[in-house]
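S.K.: Structure in structure tokens, see below.
We did not get these values from a lab; they are worked out from the coordinates using the rules stated. What you see is a predicted model; the values in this text were computed from it and never measured. No Cβ is skipped: glycine too gets one built from the backbone with ideal geometry, and neighbour counts run over all protein chains shown.
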Amino acid sequence: TMETSGQGGGICERGIIDNLDLSCMTIPLAINELFHNSYDAKIHGQKYTQTIKRRPNGNIAFIDNCSGIDLQQAINSLKIAKRTKIGKTVGIAGMGLQNSLKYLCAGISSARITGKTKDHDLVSYDIPWKKIIESGKITDMCILSENLEEIKKNFKEDRSDDELHGVTIEILNPSDSLWNDIINIIAKPKKENKPKKENKPKKENKPKKEN
């Protein structure tokens with residue numbers, strides 16, 4: 001006879017992590033997801049800005065001047081399926097951010113989330129996607145970022161003195177092809193200067209023949 005217990009259920013983190021790849025994610029969708037999350041947290045009455053840049057060390061940074069995140073919000077953002085928004089939302093809570101980051105990291109690179117609000121200190125976490133995929137879990141895998149002084153310096157340089165708040169999401173040690181793909185997506189094609197048409201001399205009105 002087979003022994004059974006009266007309890008069942010559970011969450012397979014490896015299954016959730018693996019199934020992120022089934023969402024048909026693309027680079028444009030991933031960028032859209034990251035900036036839509038920050039747009040939801042924009043400060044009303046303040047001009048909202050978003051920037052993508054490549055740092056001298058090669059990291060790709062997505063920068064905004066939204067209201068930012070504190071320590072607890074940062075921890076919540078690292079949890080898959082953690083509902084962080086109140087009211088009507090589109091999609092599954094917590095899945096869009098992690099799905100986008102996993103795709104942009106290609107399962108190899110790490111991602112970094114750095115945030116600061118007007119009333120709280122800066123906080124920064126790294127998401128090591130390679131280790132997460134190998135272990136099949138994300139719980140307790142995200143760690144506080146090292147080199148915090150350099151992170152603080154970059155955070156300040158990316159913003160004006162009166163806007164030291166917002167979120168920066170970085171892809172660490174990305175491939176060159178990812179940056180090239182992003183540039184091709186967001187770059188505006190230059191308009192070709194068409195040669196001006198030369199003014200043709202007006203035809204002289206010939207006198208009508210008299211009958």
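S.K.: Counting C-alpha atoms alone, how compact is the range 1-64: give Rg to one decimal and Dmax as a whole number, in angstrom.
M.R.: Answer for the range 1-64, Rg first and Dmax second: 20.5, 69 Å.
S.K.: Apply 1/(1 + (r/R0)^6) to the Cβ-Cβ distance of Asp176 and Lys130, taking R0 = 25 Å, and write down the FRET efficiency to the nearest 0.05.
M.R.: Step by step, r from the Cβ atoms, then E = 0.85.
S.K.: Rounded to the nearest 0.05, what FRET efficiency do Leu148 and Cys24 have when you use their Cβ-Cβ distance and R0 = 35 Å?
M.R.: So the FRET efficiency works out to roughly 0.45.
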